[in-house]
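To start, the structure itself, in structure tokens.
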Amino acid sequence: MKLQVALLAVLTLTACTAQVTPPPTATPTPTTAPLTVAQAKKAALLVADLPKGWDGGVAVDPTPTPGYRGQYDPPECLVFRHPTDILGGPATAVRGQYFTRDPLQSVTEFVWSWPTQVRTLVPELTDRLAKCSTYTLVGPDQVKYELAVSRLPLHGSAEAIALRVNTAAPAAADPIAPQYFGYAARGGTVINIEGWGETLTDAVFAQLVSKAAARLDAVVG
């Protein structure tokens, strides 16, 4: 079963004075040009970026919402797994799907782009990671799972984060392979990478996140 984890910090600013408090003024959101579909595809991983034996490709994503939500405790960990929910539907969305059949492994990459800046995404995820280092999830089968999150080291990717999620299997169930999640943000574009497989390793996944961040850098400049 594919399990998912997510987190997003939402900051609220209030102000008051000794006189009559004026109506709140919304802080303008910095704007930016979203990537075109061609640019988003260029930013996506190539099959050649994965180890030998992988297959797959990239296409426009007509339904850019990964996975199911489930019931999380603490509730904030739902948003940690889906940090872009607050932004609404992206202006541009492509999906890369990569896999091996023997052994079965899967890596999915989403490239989403908005007309607003999202560069603070990775710092916000990092700040909230401590609260969601362990949490529970009740899945669609109504089974409660215990999950633990650890951050993987990345080299040369200050605006990216890679996570490993270990899931404790319920009693008498088969062991559950670790899940991997990675994010990189530049301007108005977010890359979200998800990985699964019994032989997928921390080192391979961290390298994929670093390559994806570098490819995005090459596109956005």
(request) Consider P103 carefully, then state whether it is more than 18 Å from T199 (Cα to Cα), modelled with pLDDT of 85 or more and loosely packed, with under 15 Cβ neighbours inside 10 Å. (result) no
(message) Taking the conditions exactly as written (surrounded by 17 or more Cβ atoms within 10 Å (Cβ to Cβ), more than 27 Å from V204 (Cβ to Cβ) and either under 13 Å from the mean Cα position of the chain (by Cα) or modelled with pLDDT under 90 (or both)), does V79 satisfy them or not?
(response) yes
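Here are V10, V5, V58: which of them is under 30 Å from L147 (Cβ atoms), at pLDDT below 85 and either touching a His at 6+ places or on another chain (Cβ under 8 Å) or surrounded by 12 or more Cβ atoms within 10 Å (Cβ to Cβ) (or both)?
Working: V10 fails: either touching a His at 6+ places or on another chain (Cβ under 8 Å) or surrounded by 12 or more Cβ atoms within 10 Å (Cβ to Cβ) (or both); V58 fails: at pLDDT below 85.
Only one candidate qualifies: V5.
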(request) Could you list all residues from the stretch 89-108 that are in a strand (DSSP E or B), free of Cβ contacts under 8 Å to residues at least 60 places away in the same chain and more than 17 Å from V60 (Cβ to Cβ)? (result) F99, R101
(message) Just checking, does the stretch 92-114 include any residue being farther than 24 Å from A203 by Cβ, within 18 Å of the chain's Cα centre (by Cα) and of a type in the set (S, T, N, Q)?
(response) yes
(request) Evaluate the following for A218: is it within 24 Å of T100 (Cα to Cα) and surrounded by fewer than 24 Cβ atoms within 10 Å (Cβ to Cβ)? (result) no
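The values are calculated or read from the model by the stated rules, or taken from the named source; none is laboratory data. Because the structure is predicted, anything quoted here is derived from the model rather than measured. Every residue, glycine as well, gets a Cβ built from its backbone with ideal geometry; the counts of neighbours run over all protein chains shown.
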